[in-house]
Each structure stands twice: as structure tokens, then as C-alpha cells.
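Where a number appears in this text, it was derived from the coordinates with a stated rule and is not lab data. Just so it is clear, the structure is predicted and the values come from calculations on it, not from any experiment. For neighbour counting, all protein chains shown are included, and Cβ atoms are generated from backbone atoms with ideal geometry for every residue, glycine included.
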Amino acid sequence: MRFTCTVTTILLIAGPIASLSTLTTNTSAQPESDLTSTMNLDPMANFARMVSGDWKLGTVQTDSWRWGPGKNSMRVTTVGTDGRGEPWSELMLYYWHPGRQQVCLLGLHPDIPGIGRGISSGTIVFSDDTVTTTYDLYQPGNPADKPRKMGGRWVFENADAYHEELLEDSGNGFVSLAEWNYVRSIDRSDRRAPAVDSAPKISKNLKAFEQLLGHWTTPSESAIEGIIEFQSAFEWVEYLDVMTLGITGQTKDDTSTHVFDAYLYHHVGTDSLHCLVLSASGCVYEGDVSTLDDGVIRLKLTGYERNQKREYMVQLDPGLDGTMRQRVWSIAGGGHTLLHDFNSQRATNEE
């Protein structure tokens with residue numbers, strides 16, 4: 001499947017992509033049968049060992065690892081309970097960043113009494129049966145310019161078990177804070193969900209995005225690869241300050257292809273809204289989000305498109321009639337050039 005890494009990629013923030021160009025080709029991971037021969041070529045290949053089944057921390061929490069679009073990223077969701085028996089939800093993203101030439105991580109943890117919500121950003125490295133993470137942890141109790149310096153070390157005992165150690169460097173080198181043992185489980189039937197009467201609500205930080213929740217459709221402006229329509233789904237991750245957006249392309253024979261994932265979240269370190277877009281082509285888009293009058297949402301994104309770096313602005317104008325106008329500009333030399341102006345339609349059964 002061929003996808004592109006051009007400006008139109010960022011249209012997924014508003015809904016399905018209206019058009020795709022053909023500047024670059026998809027470099028997603030090869031089939032798992034070719035995994036051994038491609039380990040050194042595909043920076044995400046080692047993550048394949050995590051996908052089958054779920055990973056359980058005793059009976060307390062369960063981690064589910066799922067490929068992102070094009071197998072250029074991995075999304076890990078954690079559900080269960082915390083040390084007090086309260087519902088717990090966590091989200092981790094691992095993705096190849098073409099601009100940094102590293103596998104990066106972005107993590108979000110829920111509100112912890114006395115600490116608050118947290119955002120992690122850093123890198124992860126696989127080396128045989130050992131995994132090393134290094135990241136900054138932003139929490140409300142720490143100054144934005146002084147995040148906690150964290151790390152992790154995972155050691156696989158076998159294909160279905162690994163030991164994880166949480167580390168922190170407070171200025172005198174990394175010291176151990178906690179250790180856990182994870183075991184793979186093929187049975188996914190006992191994943192926990194919060195009680196109905198304790199279901200959380202969207203925080204004020206994400207209130208502007210609540211109007212986007214649900215499913216949207218956009219006809220394709222071109223018949224590239226047989227895709228005739230793009231479908232998007234905005235969802236909120238309970239207990240976290242993040243909205244997720246998944247984009248699939250529908251073909252004439254009623255098959256679908258995972259094209260993009262996007263994440264709109266509140267960063268506690270900067271007290272601002274951020275966006276991360278991951279594509280099947282391997283391109284990455286990231287930047288800031290602002291809310292204007294009348295529910296208008298504006299994004300300023302930097303696109304890392306193979307060996308190029310470009311700047312864009314996206315504006316979303318949700319209407320009261322179940323439509324959403326979306327405009328995209330390229331930014332260069334101090335000027336803005338309008339690239340796209342089109343509408344998405346909310347799914348009929350949600351109007």
C-alpha cells in the first residue's frame with residue numbers, strides 16, 4: 001500500500017484526509033516472517049514481540065500493545081487499579097521519529113493524589129533481551145523547566161515474561177524506585193473497567209474537543225490506491241487528558257486501511273494543548289493547539305517528512321449542522337498558502 005508524507009497528512013486532525021499526493025512511499029514494517037532479516041533495517045521491528053496477547057502485572061493491571069499505522073508506531077494502553085484499588089488508565093506511545101532518528105516515547109498517566117497527572121517524553125532502545133528507556137517526567141508539582149529525570153530497564157526472562165525496573169536520577173545517577181514482573185496472557189477476558197457510578201468526566205483542558213467526539217466521514221478527492229472515503233473516530237481516553245483520533249481509508253471493495261493516528265493532549269509541563277500525528281508512511285507531525293471563539297480549533301504543526309521539515313497551520317470550524325470545515329495552510333517565508341478547504345460530515349447515526 002502506498003501512502004504519502006505531504007502536507008495533506010495533517011488533515012487527519014480534522015477528520016479523514018481529503019486528498020493524498022505521491023511524493024513518498026510507505027516504509028512500514030515487513031511481514032513478521034521477514035522479521036529476523038529486517039531487525040537492523042526497521043527500527044520498530046523489535047516491538048513485534050510485544051503484540052500477541054496482553055501483558056499482566058499480577059491481577060492488578062493489564063497492558064495491551066497494538067501497532068499504529070504502517071507499523072511505524074506502537075500504542076500501549078494500561079487498565080486496572082492503582083495501589084489504592086482505584087481505577088487506573090495509562091497510555092504510552094512508541095514511534096520512530098524521522099527528524100530525530102530515534103524511537104521516541106510519549107506517556108500519559110492519570111491523576112495521582114498529591115502529584116497530579118503526568119506527561120513523559122523521551123526515547124526507548126531495544127538491545128537483544130534488554131530494553132532501556134530514558135525520559136523526562138512532567139508533573140504539576142515540579143517546575144516546567146525541571147522535570148524529573150526518569151529511566152527504565154526491562155529484561156526478558158523468556159518470550160512471555162520480563163522484569164521491569166523504574167529508575168530516577170535526582171542528580172547523583174540513576175537509582176531504583178520500583179520493580180515489577182510482567183507475564184504474557186493470551187486470554188483478554190478479564191480486563192477491568194470502572195464502575196458506571198464512578199465513570200470520570202472530560203477535564204476542562206479538553207472541553208473544546210468534546211464537540212469532535214464521534215465518527216466523521218470525508219469523500220476522497222482522488223482514487224489513489226482505490227480509496228473512496230476516509231472515516232475518522234475521535235475518542236477520549238478515560239482518566240487521561242488526551243483525545244485520540246484514528247483514520248481509516250475505505251476502498252470500493254469495502255476493505256479498510258489504517259492510515260493515521262493523532263493525539264490531542266494537555267501538557268502539564270507547559271500548561272498548553274499539544275498534538276502528535278503518526279502516519280502509515282512514517283511521517284510525524286507535532287505542535288501546539290489553541291482554541292478560538294465560536295469553538296474554532298487551530299493547530300500549528302511541524303511536519304517531519306522523510307528528510308524534510310515543514311510548517312503548517314490547520315483550522316477546524318465545527319458547524320451546528322453536523323459538518324466541520326477544515327482548512328490547511330503551509331507556512332514558509334513568513335507567508336501562509338491555503339492548500340485545502342473542505343468539509344467533513346458527522347456519521348448519520350450520530351447526528
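Between Thr348 and Asp145, what length in nm is gained on full extension when 0.36 nm per residue of separation is reduced by their alpha carbon distance? Could you put the intermediate results ahead of the total?
Working: separation 203, 0.36 × 203 = 73.08 nm, distance 4.63 nm.
Contour length minus Cα-Cα distance gives 68.5 nm.
What aspartates and glutamates does Lys56 reach when the alpha-carbon gap must be under 13 Å and sequence neighbours fewer than 8 apart in one chain are set aside?
Partners found: Asp160, Glu164, Asp187, Asp190.
Which lysines have a Cα lying under 27 Å from the Cα of Lys146, excluding residues fewer than 8 positions away in the same chain?
Here the lysines satisfying the reach criterion relative to Lys146 are Lys204, Lys300.
When a/c is below 1.5 the answer is rounded, else prolate if a/b is larger than b/c, else oblate, so apply that to region 266-351 with a ≥ b ≥ c taken from the square roots of the Cα gyration tensor eigenvalues.
Working: a/c = 1.60, a/b = 1.42, b/c = 1.12.
Because a/c hits 1.5 or more and a/b exceeds b/c, region 266-351 counts as prolate.
Please give the peptides 328-338, 127-137 ranked by average Cβ packing (other Cβ atoms within 10 Å per residue), highest first, as a rough proxy for protection. Intermediate values should be presented prior to the final figure.
Working: 328-338: 12.5, 127-137: 15.2.
Result, highest mean first: 127-137, 328-338.
Just add up the charged neighbours of Ser176: K/R +1, D/E -1, any other residue whose Cβ is under 12 Å from the Cβ of Ser176. Before the final figure, lay out each step's value.
Numbers: positive: Arg153; negative: Glu164, Glu165, Glu168, Asp169, Glu179.
Cβ neighbours under 12 Å give a net charge of -4.
What full-extension length gain, to one decimal in nm, is calculated for Val60 and His336 as 0.36 nm per residue of separation minus the Cα-Cα distance? Kindly include the intermediate steps, with their values, before the conclusion.
Details: separation 276, 0.36 × 276 = 99.36 nm, distance 5.08 nm.
Here the answer is 94.3 nm.
Check the straight Cα-Cα distances from Lys252 and name the aspartates and glutamates below 13 Å, setting aside those fewer than 8 residues away within the same chain.
Glu225, Glu229
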